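The values are calculated or read from the model by the stated rules, or taken from the named source; none is laboratory data. These numbers come from a predicted model, not from an experiment. Counting neighbours? That spans all protein chains shown, and the Cβs are built from the backbone with ideal geometry, glycine included.
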Amino acid sequence: MRFTTLSCLLLFLFAFGNATTVTAQSDPLKLKYFGAAGWEITDGTIKVLVDPYLTRIKLGTGPSISPDDTRATVEREDIFVSDTLLIDTLITDADFILVHHSHFDHLADVPYIARITGAKVVGTETTCNILRAYGIPDEQLYPVKGGEDYQFDNFSVRVIPSIHSALNAKHYIDNRTYAEVPKAPLKVSEFIEGGSLMFKARFANHDVLTMGSMNFVERELQGIETDILIAGVNRSQLGLYKYDERLLKVTNNPKIIIPTHWDNFRVPYGFPQQEIAESKLFPFRDHVKHLSPETKVIIPQHLGTIVIE
C-alpha cells in the first residue's frame with residue numbers, strides 16, 4: 001500500500017498549517033485537526049487525542065476518490081495497516097485518547113498510537129476489546145457505556161451516550177458489539193461501530209464537548225453546557241429534523257463551535273477539500289450565525305492549530 005510521502009506532508013503543512021487564534025479570558029487551549037473526527041487537544045499540561053485517525057486509506061467503495069490519488073486501493077475485506085511513518089511525524093506523546101465509536105476512521109490507528117504513547121484510552125467495551133486484541137494492556141483501558149464522569153489528575157471527562165449518523169438514507173443501524181476479544185489484525189469491515197459516545201472534556205480553563213458523528217441524543221445533552229463544541233456537521237442528505245437548531249438549543253449556544261468529520265478522509269492530506277467546504281461547512285457556518293449571532297464558528301484546516309486563549 002502506498003501512503004502520503006513526508007515531502008508532500010511537509011509541503012501541505014507549509015501551505016495550510018498556520019494557527020488560528022481566538023481570544024478568550026483564560027489560559028490557551030490548542031486544538032489540532034487531524035481530519036475525519038480526529039483531534040489533538042492540549043492546555044500545556046494535559047494532551048488528549050480524540051479519534052486520532054491519520055492513515056486515510058483509499059477505500060475501494062464510496063464516493064469522491066480523487067483521480068490523482070495513486071495509492072493502492074484498500075477493500076473492506078482487506079486487513080487494515082496503519083501508516084506508522086506518517087503517525088510518527090505527527091504524534092509523539094499523549095495522556096488520554098477518547099474514542100467515540102469503533103469504526104476504522106475513528107479507531108484503526110489507535111492501537112499503534114496507544115502503544116507508542118502509553119496513553120489511557122476511554123471507549124466502549126467494543127473499543128477496548130479491539131485494543132486488547134492488539135495487545136494494549138488493561139491498565140491503559142477504561143471501558144465505558146455512557147453516564148460515567150471521571151476525575152483524573154488535572155483533567156476530567158464526562159461520558160455521554162450518543163448515536164451514529166443517519167446513513168444509508170436513514171436505514172443505518174448496527175447493533176453488533178465485541179463482547180469478547182476478536183482476532184487481530186482486523187479487516188477494515190471488522191472495525192464495527194460498537195455503540196457511540198460523546199465526551200465533555202474539562203481542561204483547566206475550558207470545557208470541550210466532542211462529537212464523533214453527525215447525530216446526538218437530545219435528552220442526554222440536557223443541562224450539559226460547554227464553551228467549545230466540536231460539532232458533527234449534518235447536512236440535508238442525512239435527513240435529521242432541524243439538526244442545527246436542536247443542537248444549538250440543547251447546548252445553550254456555545255461561544256465557539258468547530259466543525260468535525262466534514263472532510264473526505266479517503267484522500268491524503270493536501271488534497272483539495274474546497275468543494276466539501278462549500279457544500280457543508282459554509283452553509284453550516286452561515287446557518288449558525290443566523291441562529292446564534294454570538295457563536296463563533298471556526299473552520300479547521302488539516303493539521304492546523306486553533307489557539308483559544
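Does Val144 satisfy the condition of being touching a residue at least 40 places away in the same chain (Cβ under 8 Å), touching a Phe, Trp or Tyr at 6+ places or on another chain (Cβ under 6 Å), farther than 24 Å from Thr84 by Cα and of a type in the set (A, V, I, L, M, F, W, C)? No, not satisfied. Quick check on the stretch 215-227: of everything there that is of a type in the set (A, V, I, L, M, F, W, C) and part of a loop (DSSP other than H, G, I, E, B), which residue is surrounded by the most Cβ atoms within 10 Å (Cβ to Cβ)? Ranking the candidates gives Phe216 first. Residue count for the stretch 115-134 satisfying the condition of being over 19 Å from Leu197 (Cα atoms) and either in contact with a helix residue (DSSP H, G or I) (Cβ under 6 Å, 6 or more places away or on another chain) or aromatic (Phe, Trp, Tyr) (or both): 1. Restricting attention to the stretch 243-261 and to residues that are closer than 23 Å to Gly35 by Cβ and of a type in the set (A, V, I, L, M), the residue that is nearest to the chain's Cα centre (by Cα) turns out to be Ile258. Check whether at least one residue in the stretch 37-51 is more than 18 Å from Ala201 (Cα to Cα) and not hydrophobic (A, V, I, L, M, F, W, C), and report yes or no. The answer is no, given that none of the residues of the stretch 37-51 is more than 18 Å from Ala201 (Cα to Cα) and not hydrophobic (A, V, I, L, M, F, W, C). Out of Val267, Val288, one residue alone is out of contact with any helix residue (DSSP H, G or I) (no Cβ under 6 Å at 6 or more places or on another chain), aliphatic (A, V, I, L, M), crowded, with 20+ Cβ neighbours inside 10 Å and farther than 28 Å from Ser82 by Cβ. It is Val288. A count restricted to the stretch 39-79 and to residues that are closer than 17 Å to Pro111 by Cα and touching a residue at least 60 places away in the same chain (Cβ under 8 Å) stands at 10. Looking only at residues of the stretch 63-106 that are hydroxyl-bearing (Ser, Thr, Tyr) and surrounded by fewer than 22 Cβ atoms within 10 Å (Cβ to Cβ), we find that the one that is nearest to Gly194 (Cα to Cα) is Ser82. Residue pairs, Cβ under 6 Å, 6 or more apart or interchain, first in the stretch 288-309 and on the phi > 0 side of the Ramachandran plot, second outside any helix (DSSP H, G or I). List them. Pairs that qualify, where the first residue is on the phi > 0 side of the Ramachandran plot and the partner is outside any helix (DSSP H, G or I), are Leu303/Gly17. I want to confirm something. Restricting to the stretch 228-246 and keeping residues that are modelled with pLDDT of 95 or more and not in a helix (DSSP H, G or I), which single residue is nearest to Thr45 (Cα to Cα)? Of everything passing the filter in the stretch 228-246, Ile228 is nearest to Thr45 (Cα to Cα). Of everything listed in (1) closer than 27 Å to Leu209 by Cβ; (2) of a type outside the set (D, E, K, R); (3) without any contact (Cβ under 8 Å) to a residue 24 or more places away in the chain; (4) surrounded by fewer than 23 Cβ atoms within 10 Å (Cβ to Cβ), the single unmet condition for Thr117 is (3). In the stretch 98-113 there is no residue that is at pLDDT below 95 and within 17 Å of Asn264 (Cβ to Cβ). Scanning the stretch 151-183 for residues that are among the β-branched types (Val, Ile, Thr) and within 21 Å of the chain's Cα centre (by Cα) returns Val157, Val159, Ile160, Ile163, Ile173, Thr177. Of a type outside the set (Gly, Ala, Ser), within 16 Å of Gly38 (Cα to Cα) and touching a Gly at 6+ places or on another chain (Cβ under 8 Å) - does that describe any residue in the stretch 232-242? No: zero hits. Please find, within the stretch 234-260, the residue that is surrounded by the fewest Cβ atoms within 10 Å (Cβ to Cβ) out of those that are more than 16 Å from Ser292 (Cα to Cα) and in contact with a Lys or Arg (Cβ under 7 Å, 6 or more places away or on another chain). Restricting to residues being more than 16 Å from Ser292 (Cα to Cα) and in contact with a Lys or Arg (Cβ under 7 Å, 6 or more places away or on another chain), the top hit is Gly239. Every condition in (1) under 30 Å from Arg219 (Cα atoms); (2) modelled with pLDDT under 95; (3) surrounded by fewer than 20 Cβ atoms within 10 Å (Cβ to Cβ) is met by Leu281 except one, and the failing one is (3). Looking across Thr127, Thr117, one residue alone is within 21 Å of Lys32 (Cα to Cα) and polar (S, T, N, Q). It is Thr117.
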